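The values are calculated or read from the model by the stated rules, or taken from the named source; none is laboratory data. Please read all numbers here as calculations on a predicted model, not as lab measurements. Ideal geometry is used to build each Cβ from the backbone, glycine not excepted, and the neighbour counts take in all protein chains shown. Side chains included, ligands, DNA and RNA excluded: accessible areas come from the protein's heavy atoms. Shrake-Rupley method; radii C 1.70, N 1.55, O 1.52, S 1.80 Å.
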Amino acid sequence: MPRTPALRPLPFLIAGLFAGLLPAGHALADTSPDAAATASAAPSASSSDVAQPVTTVEVVGTHLRAERAELSPKIGTTVYTVDTHMIDTLGQGDDTPFNELLLRLPGVDQDSKASGSLHVRDDHGNVQYRIDGVLLPENISGFGSSVDTRFVQSMDFVTGTVPAQYGLRTAGIVEITTKEGDIAPGGRIGFLAGSRNYDEPSAEFFGSVGRFTYYLSGSYLSNSLGIENPQPTAKALHDDTHQAKTFGSLSYYIDNDTRLGLLFGTYKGYFQIPDNPNQSPGFTLAGYSDASAGSSAIPSSQVNENQSETNRYVVLSLQKSLGDLNYQVSYFHQYSDLHFTPDPVADLIYLGTASDTLRSNTADGVQFDASYKLAANHTLRTGLEYTQQKTVSDNTVNVFTTDNTGTQLSTTPEAIVDNSGKTGKLASFYIQDEWHVMQPLTVNYGIRFDHVNAFINEQQWSPRLNMAYKLGDDTSLHAGYARYFTPPPQELASQSSINLYTNTTNAPAVPVSDPVKAERSNYYDIGINHNIDPRLTVTADAYYKQIRNLIDEGQFGQALILSPFNYQQGYAKGLELSAIYTDKRWGGFLNAAWQRAEGENIISGQSLFGPDELAYIASHYIYLDHDQKLTLSGGAHYHFGDSQISADFTYGSGLRRTPMNPDGTPGAPNSGELPGYSSVNTALTHTWKHTAVGTLEGRLALINIFDKSYLLRDGTGVGVGAPQYGAPRTFYAGLTTSF
């Protein structure tokens, strides 16, 4: 049954700055002067299309897209909705990296690209991506994103106690509906340039031939700030990046109720690892360095480390509508790899080890989802997923030999080959019922089963219960409980090979490394949404998560690959508040998120840590390294004529750090807090309609207007690598033509 505002209190927020970012369930139209131009640039239907002779494809497409959305109910959850208009108002428009788009949402924290880029409700990663209803397997990538903002037609970001169809990765669900071909062929070609050698050409093409529709996009990005700078300087040393992305969505409508779809995407990224100057050599390498004299033939400002990343996927789906029965069955394939190449000399001088690391992951699977209207007030949904993954890790590590105390014995390195592989399987099943108990109350209850057999062999039955209740014409309440089962990412987890490095400079201080277990948690969430008037909405949402085998991740080795580990127990809790104002020309939003997450006793991957650190955490709760107490965001926009001006800000109270005691020894892990930071951004766009080359849009943007230098990481804390600073002031200018 289609959901109505009365049964969808899914609150939240944010759209005022962007009239297209609306609380789910609210049918608020964009009445701004440039809305028509924005709509004409995207491959979506218009009222005039209905009168065209070839209307069957468009009508069928709209019908099946609505049915596909009904396969994934979001009753009782917190949902934030983004569309193309919201994206267009961002400084970089649809060139905005997808992770930065998510950072505009409440409860999402900024972090370094090397450690995952963002955190949802104080969770590390644990975000699930679905494209047109199909779950994408995870990739290994540390910096790039296989999702390109450019192909997003709309996006639901779901948090809280999610229904039974969502499992495994549950901190945040990113449900993307892609752009599709229109009746009339068209496209967009654009170019965005900016500070630090930023260049990004892009193109989109869409259209249809009979019952066949297509949408294709691609972009190429290069700049000289690929990864956060370890120094508070305007320019980073050795930090170039080149990234290419493609995406395609092809659909063939067999009849009015049957669609065959093909999605595919590719990503290829190359990154230089930025240098940190003025470091002293830690090891002696014959002919190059003398650690005792502090001399090195290669300064740390000239280290040449690099990393390349690949991700590609293809999804084939069959969607069918049979009246009260709707289903979609899909096959997916994904391949991703990451290759870290060290500086074979400098890494030995400064780190005592030089590791050439190649890790790849291949995933194949099927997914089936179905819904059946059992009665006027009951809709039954069920589904299953099966994935088989093969992970390969090839490492050649150059090290120095040492004695039992760790003292270097030889100045000539030796090579250790450390290769491994694993084939793992994931299987899931769910069933649930959407019950309209009475006019103001809807309940969605169900159960899910997940089984993983990889580096671990575990399973769990997970009950789910969500409710939505309309307290009045302007006020809605939602609440829920969910049991979650989160296995460690197979592509990041690995078997222990620490015995290979005994009496070498790569030997761990703790010679134990138990396998990472699946996280199990109880999650509670309650929220309220109130419309003060048609233009102003305020919301609040509170949550608590009780966790066993809490999974966290850190960057411990040379390669910028995250490694998971478990705390024996932990918790996360928080409160989110927001307000949104939307008028014909004006809009604004304000968000605040308070959160806290702690864990105790590390029970896996112990070799990644120092003995003193492990001993303290064994009997003390500590903040998770990515915990940030307070996050704020806000902004406003104004339309005038064919132009729009917008501004927004973000604030973070600072991630965790490990302070130093007066005697020079490390203090309690993660007991310190980095200084708070803020960034203010602004953008101006103008549209020229009916030109000789189509509709033109010009864009000027200034990010971090006040050029605030702020630390995201200072190099201390549990599982934290080098210091990393936020991007300095950046200017962008772009031009796009739509035809």
Since Glu598 meets every condition but one in (1) touching an Asp or Glu at 6+ places or on another chain (Cβ under 9 Å); (2) acidic (Asp, Glu); (3) closer than 26 Å to Ile705 by Cα, which condition does it not meet? (3)
Tell me yes or no: at least one residue of the stretch 594-606 is surrounded by fewer than 20 Cβ atoms within 10 Å (Cβ to Cβ), among the hydroxyl-bearing types (Ser, Thr, Tyr) and either touching a residue at least 40 places away in the same chain (Cβ under 8 Å) or in contact with a His (Cβ under 7 Å, 6 or more places away or on another chain) (or both). no
Of the residues that make up the stretch 459-468, is at least one at pLDDT 95 or above, under 30 Å from Thr362 (Cα atoms) and of a type in the set (Lys, Arg)? no
Check on Ile189, out of contact with any Asp or Glu (no Cβ under 7 Å at 6 or more places or on another chain), touching a residue at least 40 places away in the same chain (Cβ under 8 Å) and either open to solvent by 20 Å² or more (accessible area, probe 1.4 Å) or part of a loop (DSSP other than H, G, I, E, B) (or both): yes
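In the stretch 674-686, is there at least one residue being assigned to a loop (DSSP other than H, G, I, E, B) and either modelled with pLDDT under 90 or touching a Pro at 6+ places or on another chain (Cβ under 9 Å) (or both)?
Initially, the stretch 674-686 is screened for residues assigned to a loop (DSSP other than H, G, I, E, B), giving 674-676.
Next cut, either modelled with pLDDT under 90 or touching a Pro at 6+ places or on another chain (Cβ under 9 Å) (or both) only: none.
Looking through the stretch 674-686, none of the residues is assigned to a loop (DSSP other than H, G, I, E, B) and either modelled with pLDDT under 90 or touching a Pro at 6+ places or on another chain (Cβ under 9 Å) (or both).
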Pick from the stretch 262-297 the residues that are under 40 Å from the mean Cα position of the chain (by Cα) and open to solvent by 50 Å² or more (accessible area, probe 1.4 Å): which of them is nearest to Leu318 (Cα to Cα)? Leu262
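Check the stretch 624-643 and report whether any residue there is polar (S, T, N, Q), over 27 Å from Gln555 (Cα atoms) and surrounded by fewer than 22 Cβ atoms within 10 Å (Cβ to Cβ).
Yes, the stretch 624-643 contains at least one residue that is polar (S, T, N, Q), over 27 Å from Gln555 (Cα atoms) and surrounded by fewer than 22 Cβ atoms within 10 Å (Cβ to Cβ).
Results for (1) among the charged types (D, E, K, R); (2) under 25 Å from Tyr543 (Cβ atoms); (3) part of a loop (DSSP other than H, G, I, E, B), shown as yes or no for each residue.
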residue	(1), (2), (3)
Pro137	no, no, yes
Arg150	yes, no, no
Thr161	no, yes, yes
Gly167	no, yes, yes
Thr177	no, no, no
Ile183	no, no, yes
Asp199	yes, no, no
Phe205	no, no, no
Ser219	no, no, no
Tell me, yes or no, whether the stretch 306-320 has at least one residue that is farther than 30 Å from Leu374 by Cα and either of a type in the set (Lys, Arg) or in contact with a Pro (Cβ under 7 Å, 6 or more places away or on another chain) (or both). yes
Which listed residue is without any contact (Cβ under 8 Å) to a residue 24 or more places away in the chain and touching a Ser or Thr at 6+ places or on another chain (Cβ under 7 Å), from Asp337, Asp290, Asp347, Asp356: Asp290
Can you tell me which residue is nearest to the chain's Cα centre (by Cα) among those in the stretch 564-581 that are surrounded by fewer than 24 Cβ atoms within 10 Å (Cβ to Cβ) and more than 22 Å from His626 (Cβ to Cβ)? Ala579
If you scan the stretch 243-261, which residues turn out to be open to solvent by 40 Å² or more (accessible area, probe 1.4 Å), over 30 Å from Asn197 (Cβ atoms) and polar (S, T, N, Q)? Asn256
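Can you name every residue in the stretch 394-430 that is touching a Pro at 6+ places or on another chain (Cβ under 8 Å) and outside any loop (DSSP other than H, G, I, E, B)? Working first, answer last.
First pass over the stretch 394-430, keeping only residues touching a Pro at 6+ places or on another chain (Cβ under 8 Å): 398-400, 426.
Correct list: Asn398, Val399, Leu426.
So that you can scan it fast, the table gives a plain yes or no per residue for (1) among the aliphatic types (A, V, I, L, M); (2) within 23 Å of Ala363 (Cβ to Cβ); (3) surrounded by 17 or more Cβ atoms within 10 Å (Cβ to Cβ):
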{"position": "Thr504", "(1), (2), (3)": "no, no, yes"}
{"position": "Arg520", "(1), (2), (3)": "no, no, yes"}
{"position": "Leu536", "(1), (2), (3)": "yes, no, no"}
{"position": "Ile547", "(1), (2), (3)": "yes, no, yes"}
{"position": "Gly554", "(1), (2), (3)": "no, no, yes"}
Of everything in the stretch 689-739 that's within 15 Å of Ser195 (Cβ to Cβ) and β-branched (Val, Ile, Thr), which residue is least open to solvent (accessible area, probe 1.4 Å)? Thr730
Given Ser219, Ser117, Ser145, Ser208, which one is modelled with pLDDT of 95 or more, over 22 Å from Ser371 (Cβ atoms) and buried (at least 20 other Cβ atoms within 10 Å of the Cβ)? Ser219
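Anything in the stretch 489-502 that is assigned to a loop (DSSP other than H, G, I, E, B) and either surrounded by 23 or more Cβ atoms within 10 Å (Cβ to Cβ) or touching a residue at least 60 places away in the same chain (Cβ under 8 Å) (or both)? List them, or say none. Don't jump to the end; show me each part of the working.
Taking the stretch 489-502 as the starting set, the residues that turn out to be assigned to a loop (DSSP other than H, G, I, E, B) are 489-497, 502.
If the condition is that a residue be assigned to a loop (DSSP other than H, G, I, E, B) and either surrounded by 23 or more Cβ atoms within 10 Å (Cβ to Cβ) or touching a residue at least 60 places away in the same chain (Cβ under 8 Å) (or both), then Pro489, Gln490, Glu491, Leu492, Ala493, Ser494, Gln495, Ser496, Ser497 are the ones that fit.
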Residue check, Gly664 against (1) closer than 30 Å to Tyr581 by Cα; (2) open to solvent by 40 Å² or more (accessible area, probe 1.4 Å); (3) out of contact with any Asp or Glu (no Cβ under 9 Å at 6 or more places or on another chain), all met but one. Which one? (1)
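Is the stretch 628-643 home to any residue that is over 30 Å from Thr582 (Cα atoms), aliphatic (A, V, I, L, M) and at pLDDT below 95?
Of the stretch 628-643, the ones over 30 Å from Thr582 (Cα atoms) are none.
Checked against the condition, which is being over 30 Å from Thr582 (Cα atoms), aliphatic (A, V, I, L, M) and at pLDDT below 95, the stretch 628-643 yields no hits at all.
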If you check every pair at least six apart or on different chains, which have Cβ atoms under 9 Å apart with a residue in the stretch 459-488 that is more than 16 Å from Tyr166 (Cβ to Cβ) and open to solvent by 50 Å² or more (accessible area, probe 1.4 Å) first and a residue that is of a type in the set (D, E, K, R) and in a strand (DSSP E or B) second? Gln459/Asp450; Asp474/Asp533
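Output the residue which, of all residues in the stretch 687-709 that are among the charged types (D, E, K, R) and assigned to a strand (DSSP E or B), is nearest to His637 (Cα to Cα).
From the stretch 687-709, those among the charged types (D, E, K, R) are 689, 697, 699, 707-708; that's our starting set.
Now restrict to residues that are assigned to a strand (DSSP E or B): 689, 697, 699.
Numbers: Lys689: 21, Glu697: 17, Arg699: 15 Å.
Out of the qualifying residues, it is Arg699.
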Need the failing condition index for Val158 against (1) surrounded by fewer than 21 Cβ atoms within 10 Å (Cβ to Cβ); (2) under 21 Å from the mean Cα position of the chain (by Cα); (3) of a type in the set (Val, Ile, Thr), just the number. (1)
Top-ranked residue of the stretch 298-320 - restricted to ones that are within 26 Å of Thr504 (Cβ to Cβ) and touching a helix residue (DSSP H, G or I) at 6+ places or on another chain (Cβ under 8 Å), ranked as most open to solvent (accessible area, probe 1.4 Å): Gln302
Specify the residue that is nearest to Thr401 (Cα to Cα); the eligible residues are those in the stretch 353-372 that are β-branched (Val, Ile, Thr) and surrounded by fewer than 18 Cβ atoms within 10 Å (Cβ to Cβ). Thr362
Failed condition for Pro440, given (1) open to solvent by 30 Å² or more (accessible area, probe 1.4 Å); (2) within 30 Å of Asn361 (Cα to Cα), with all others met? (2)
Going through the stretch 710-722 one residue at a time, which ones are outside any loop (DSSP other than H, G, I, E, B) and over 13 Å from Thr658 (Cβ atoms)? Leu711, Leu712
